[in-house]
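Let me begin by presenting the structure, written as C-alpha cells, before commenting on it.
The values are calculated or read from the model by the stated rules, or taken from the named source; none is laboratory data. These numbers come from a predicted model, not from an experiment. We place every Cβ from the backbone using ideal geometry, glycine too, and count neighbours over all the protein chains shown.
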Amino acid sequence: MKIGILQTGHAPDALRPDHGDYSDMFEVLLAGHGFTFRTWNVVDMEFPSGPQAADGWLLTGSRHGAYEDLPFIAPLEDLIRRIYAAGVPMVGVCFGHQIIAQALGGKVEKFSKGWSIGPTEYDFGGETLALNAWHQDQVTAIPADAKVCASSDFCEYAALVYGDRAFTVQAHPEHSTEFFVDLAEARGRGLVPDPVLDAALAQRAKPIDNRKVADQIARFFNERAI
C-alpha cells in the first residue's frame, strides 16, 4: 500500500541531521507494516495530481496555523475534500488533524488555556495512552461526520474518526522523546512560556505509547484500503 505523505511543515534545520524531517519520522513510525511512501511538500506548494496518486494519505504537523492566510492552505483544503469524497483513507496528525477538521466544516483556534507540551495522557475509549504533545491551536468545533475517539482534560477533541474515511490525532506519535527534548530547546524557548516548557521537560522520562498509535494508524489504512 502506497502512503502519500502531505508534508505541511518542516522540522527545524538544526535537528534534521539527527532526526530527519517530519516525513522521515512517519516512515520510521510506520515501518514494518508493509507500506511504501512518497512525500509531497505541500507547504512548499508541491501537490499530487489528485486523490488517486496514493492508496492512503497522511498529513503531518506544522509550525503554521490552519487558519493562517498562507498560499498552501486553500489548495490543501480542496485536496482534503477531494480525498474524502473519493473515499481514499486519510490520517492527520496535529496540524493535519486540525486542517482536515477545518476543511470538512470544523473550526480551529488558538486555545484560550494555552499550550500542551510534552508527555500527555489521553483517554482512547477507556485506554490511557501517553503521547508527546506540541500545540497551542486546537479543534474547537468538529465536522458533522466526525466522532471523538480520544480526549483529555485539556483537549476535548484529541482524536477524531470520520467513518471509514479519516482518522486524526492531535498529539504526535511520530515524536520520540529525544526529538521532543531537542525541539523544546531549538524552537520552544521564547515561544512557549518557560514554566510550561520546564514542566514538560521534567516529565521527559515518562514512557510514551507511540507504537500503539502507530498500530492504530496502520490498521486504519490496511482495513480501509481501496
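Filtered by the rule that a residue be under 25 Å from residue 216 (Cβ atoms) and either in contact with a Gly (Cβ under 9 Å, 6 or more places away or on another chain) or among the aromatic types (Phe, Trp, Tyr) (or both), segment 22-43 gives 22, 26, 27, 28, 35, 37, 38, 39, 40. For segment 1-43, the set of residues classified as in a strand (DSSP E or B) and either farther than 14 Å from residue 92 by Cβ or touching a residue at least 60 places away in the same chain (Cβ under 8 Å) (or both) consists of 2, 3, 6, 36, 37, 38, 39, 40, listed by residue number. Looking for something out of contact with any Cys (no Cβ under 9 Å at 6 or more places or on another chain), touching a residue at least 40 places away in the same chain (Cβ under 8 Å) and acidic (Asp, Glu) - is there at least one such residue anywhere in segment 148-161? No: segment 148-161 contains no residue that is out of contact with any Cys (no Cβ under 9 Å at 6 or more places or on another chain), touching a residue at least 40 places away in the same chain (Cβ under 8 Å) and acidic (Asp, Glu). A residue that is farther than 23 Å from residue 138 by Cβ and of a type outside the set (Lys, Arg) cannot be found anywhere in segment 187-200.
Of the residues making up segment 41-55, those that are crowded, with 22+ Cβ neighbours inside 10 Å and closer than 19 Å to residue 98 by Cβ are 42, 43.
Residue-wise test of (1) at pLDDT 95 or above; (2) within 21 Å of residue 60 (Cβ to Cβ).
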residue: 128; (1), (2): yes, no
residue: 131; (1), (2): yes, yes
residue: 154; (1), (2): no, no
residue: 177; (1), (2): no, yes
residue: 182; (1), (2): no, yes
residue: 204; (1), (2): no, no
residue: 220; (1), (2): yes, yes
residue: 223; (1), (2): no, no
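Every residue in segment 75-122 that is out of contact with any Phe, Trp or Tyr (no Cβ under 8 Å at 6 or more places or on another chain), polar (S, T, N, Q) and surrounded by 15 or more Cβ atoms within 10 Å (Cβ to Cβ), please. Matches in segment 75-122: 98 only. Among the residues of segment 123-155, write down those that are under 14 Å from residue 100 (Cα atoms) and buried (at least 18 other Cβ atoms within 10 Å of the Cβ). Across segment 123-155, the qualifying residues are 137, 138, 139, 142, 143, 146. Here residue 14 fulfils each of the conditions (1) touching a Lys or Arg at 6+ places or on another chain (Cβ under 7 Å); (2) among the small types (Gly, Ala, Ser); (3) farther than 24 Å from residue 139 by Cα apart from (1). Of all residues assigned to segment 44-56, at least one qualifies as being modelled with pLDDT of 95 or more, under 20 Å from residue 216 (Cβ atoms) and outside any loop (DSSP other than H, G, I, E, B). Would segment 134-145 turn up any residue that is closer than 17 Å to residue 95 by Cβ, of a type in the set (Phe, Trp, Tyr) and either modelled with pLDDT of 95 or more or in contact with a Pro (Cβ under 8 Å, 6 or more places away or on another chain) (or both)? The answer is no, given that none of the residues of segment 134-145 is closer than 17 Å to residue 95 by Cβ, of a type in the set (Phe, Trp, Tyr) and either modelled with pLDDT of 95 or more or in contact with a Pro (Cβ under 8 Å, 6 or more places away or on another chain) (or both).
Taking segment 156-226 and the helices (runs of 4 or more DSSP H) fully enclosed by it, the elements with 1 or more residues that are among the hydroxyl-bearing types (Ser, Thr, Tyr) are at 177-183.
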